[in-house]
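> Have a look at this one before I ask anything.
The values are calculated or read from the model by the stated rules, or taken from the named source; none is laboratory data. Just so we're clear, the structure is a prediction, and the values are computed from it rather than from any experiment. A quick note on method: Cβ atoms are made from the backbone with ideal geometry, for glycine too, and the neighbour counts reach across all protein chains shown. We work out accessible area using only protein heavy atoms, side chains counted, and drop any ligands, DNA or RNA first. Shrake-Rupley method; radii C 1.70, N 1.55, O 1.52, S 1.80 Å.
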Amino acid sequence: MAKKQVRDQVVLEFPVKCSPSLLFNYIQSASGLQEWFAHKVTTKSRTDYVFVYDDGQEMKAKLSKSVHNKLCRFEFENVQDGEYIEMEIIVDELTDDVALKVTEFCSPEEKREVEELWHSQIEILKDVIGA
């Protein structure tokens with residue numbers, strides 16, 4: 001029996017200067033995600049998404065959790081059970097500063113690459129929303 005590969009949970013937090021409602025549109029809607037996350041994003045239903053990346057790779061995902069203006073979690077096909085990409089909007093109660101917390105899984109060797117990719121994607125997101 002094949003041993004399940006140990007995968008690391010990567011959690012990153014990025015300050016984003018915009019309202020939670022605007023940011024939520026960019027992390028959950030197909031049109032918003034298409035502006036910064038993938039080359040093309042389509043929805044087959046309210047919870048079934050298809051992401052097409054710049055290299056032509058197509059990945060199907062299910063929006064498995066959504067809390068309005070707060071959080072969305074995508075579970076992609078062909079990844080280990082229990083793994084997902086989650087984007088959570090965090091608002092500091094004292095300062096009202098907004099941050100986007102990203103959770104993803106990868107092998108230990110991929111960790112640095114995944115972190116660098118998220119940093120570059122979030123920079124694109126900030127440019128798109130003018131943050």
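> How large is ³J(HN,Hα) for each residue in segment 29-35, as worked out from phi by the Karplus curve 6.51 cos²θ - 1.76 cosθ + 1.60 (θ = phi - 60°), to whole Hz, x for Gly and Pro?
6, 4, 5, x, 4, 5, 6
> State in Å² the accessible area per residue of segment 49-111; use a 1.4 Å probe, count heavy atoms of protein chains only, and round to the nearest integer. Walk me through the numbers before you get to the answer.
Values: 3660 Å² over 63 residues.
Spelled out: the 1.4 Å probe surface of segment 49-111, per residue, equals 58 Å².
> Quick check: the distance between the Cα centres of segment 94-131 and segment 1-75, to the nearest angstrom?
Value for the Cα centre distance between the two parts: 12 Å.
> When Lys and Arg each count +1 and Asp and Glu each count -1, what net charge do the other residues less than 13 Å away from GLN34, Cβ to Cβ, add up to? Show your work: numbers first, answer last.
Numbers: positive: LYS40; negative: GLU35, ASP54.
Result for the neighbourhood of GLN34: -1.
> Of the listed values [x] 46; [y] 23; [z] 19, identify the label whose number matches percent of Cα pairs over 25 Å apart calculated from this model.
[y]
> Rounded if a/c is under 1.5, else prolate if a/b beats b/c, else oblate: with a ≥ b ≥ c from the C-alpha gyration tensor eigenvalues square-rooted, which is segment 86-131?
Oblate, because a/c is 1.5 or more while a/b does not exceed b/c.
> If you don't mind, there's one more thing I want to ask. Between TYR84 and residues 5 or more places away or on another chain, which pairs have amide H atoms under 5 Å apart, with H built 1.01 Å from N, and which residues are they?
The answer is PHE105.
> What is the helix-to-structure angle for 111-129, meaning the angle in degrees between its Cα long axis and the longest Cα principal axis of the chain, kept from 0 to 90 and rounded to the nearest 10?
30 degrees
> Another question, then. With a 1.4 Å probe and all protein chains left in place, how much of the accessible area of the chain comes from carbon and sulfur atoms, in whole percent?
That fraction is 47 percent.
> Figure the gain on full extension for GLU109 and LYS44 (residue separation times 0.36 nm, minus the Cα-Cα span) and round it to one decimal in nm.
Answer, rounded to one decimal: 20.0 nm.
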